[in-house]
Every structure is written in structure tokens, then in C-alpha cells.
Amino acid sequence: MIRHSSLKPGAYSDIHKQLEERRVSMVRAAVAQPQMEAWDALDDEARQRRIRTQAKQRKRALEQEKKLQLAQEEFRRQQILEQRRQRLQEQHAVARRALEEERFKRALQQQLDKDKAAEEQQRQQQEQQQ
């Protein structure tokens, strides 16, 4: 045990100040601990919110990308169908022209045959008349 007489003058007040500072710092720490935990909880909540927001953004981005891919595929499909339709129209037009030419040739040949037959008939009639 320390006797008062062995202490230097003012030592008691220094010890008292140190004890008071320790007590204040312990009280502050005790008060600060729940505050720090509350801040940590808020930080965790904010972090979780950020994570959820980023996940939603990624999900939206993936959905947008998927929609874009589907739209591009549909566009390509429509282009292919349009090209096929044009090719079929061209083939149909070529076939129609060929058929019309064939009909025209046939009709022309029939007319020539009729003309030859009429000439032949006229020639025979002229020969009979002579």
C-alpha cells in the first residue's frame, strides 16, 4: 500500500486524472461499441442492397441481351424468308415466261401449219380448176 507521505506533491491528482481518463475511455468504448455495431449493420445492409441492385442490373442486362439476340435471329429469319420469296418469284417469272414462249411457239407453229394447209388446199383447188 502506498502512503500519502511517499507520494510526490500532485501525484494523487495525476493518478486521479489517469483513472478518470481510463473510465471515460471505457465508457466511450462501451457507448461506441453499439454505435460501431449499428454502423457495421448499416454498412452490411448497404452492401447487401448494392449486391441485390447489381444482381438485378446483371439480370436486366442478360434479359436485354437475350431479347436483342432473339430480335437479331428473327430479323435474320425474316431476311432469309424474304430472299427465298424473291427467288421463288424470280423462278416463277422465268417459268411463266418459258411457258408463254412455248405457248407462243405452239400457236405460231399451228398458224404456220394452218397457213401451209390453206396454201396446199388453194394449190390443189387451183390445180383442179386448171
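The values are calculated or read from the model by the stated rules, or taken from the named source; none is laboratory data. What you see is a predicted model, and the numbers here were worked out from it, not measured in a lab. Positions of Cβ are backbone-derived with ideal geometry, glycine not excepted, and every protein chain shown enters the neighbour counts. Each accessible area value is taken on the protein alone, full model and side chains, heavy atoms only, with ligands, DNA and RNA left out. Shrake-Rupley method; radii C 1.70, N 1.55, O 1.52, S 1.80 Å.
Remarks
- For ASP115, the conditions (1) modelled with pLDDT under 95; (2) open to solvent by 100 Å² or more (accessible area, probe 1.4 Å) are fulfilled apart from (2).
- Matching option when the condition is out of contact with any His (no Cβ under 7 Å at 6 or more places or on another chain), of a type in the set (S, T, N, Q) and open to solvent by 90 Å² or more (accessible area, probe 1.4 Å), among GLN79, GLN72, GLN86, GLN35: GLN35
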